[in-house]
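What follows is a single structure, written as structure tokens, with notes after it.
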Amino acid sequence: MTIRRTVKRVVDGDTFQTYRKVNGSNYVRIAEKNAPERHQFGGSQATSNLRRQIQGKTVTLQPVGRSYSRVVAKVRCDRRLIR
């Protein structure tokens, strides 16, 4: 199952918020990506990189699970897999 959503804001290097919920949550964690948190070394750069790639764009999500209150999904933007 694939779902299309528009990215409202990037939270950190591997998590973002959508305008409309996906399986009960507005927060999506990118599957198979483990970026540093914003306060950790490299976190600001990881967040900026993801923001440049997907902020305000429509992405295609393929949910694969849940982590805390977030949906974990494979994410594509402009037909490219986001890693």
* Asked: Hey, among the residues in segment 33-61 that are among the basic types (K, R) and within 13 Å of the chain's Cα centre (by Cα), which one's farthest from T6 (Cα to Cα)?
  -> K33
* Structure fact -> Result of the Cβ filter at 8 Å on segment 21-40, keeping first residues that are part of a loop (DSSP other than H, G, I, E, B) and partners that are of a type in the set (S, T, N, Q), at least 6 apart or interchain, is A35/T47; R38/S44; R38/T47
* Could you look through segment 12-32, keep only residues that are under 16 Å from I82 (Cα atoms) and either over 10 Å from the mean Cα position of the chain (by Cα) or acidic (D, E) (or both), and pick out the one that is surrounded by the fewest Cβ atoms within 10 Å (Cβ to Cβ)? => E32
* Residues located in segment 33-63, provided they are under 17 Å from T18 (Cα atoms) and open to solvent by 50 Å² or more (accessible area, probe 1.4 Å) -> R51, R52, Q53, Q55, G56, K57, T58, Q62
* **Subset of segment 1-15 (residues that are in a strand (DSSP E or B) and farther than 14 Å from R66 by Cα)** => I3, R4, R5, T6, V7, K8, R9, V10, V11, D12
* Restricting the search to segment 1-31, which residues are charged (D, E, K, R) and under 16 Å from C77 (Cα atoms)? -> R4, R5, K8, R9, D14, R29
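The values are calculated or read from the model by the stated rules, or taken from the named source; none is laboratory data. Because the structure is predicted, anything quoted here is derived from the model rather than measured. Don't worry about glycine lacking a Cβ; one is built from the backbone with ideal geometry, like all the others, and counts go over all protein chains shown. These area figures cover heavy atoms from the full protein model, side chains too; ligands, DNA and RNA do not enter into them. Shrake-Rupley method; radii C 1.70, N 1.55, O 1.52, S 1.80 Å.
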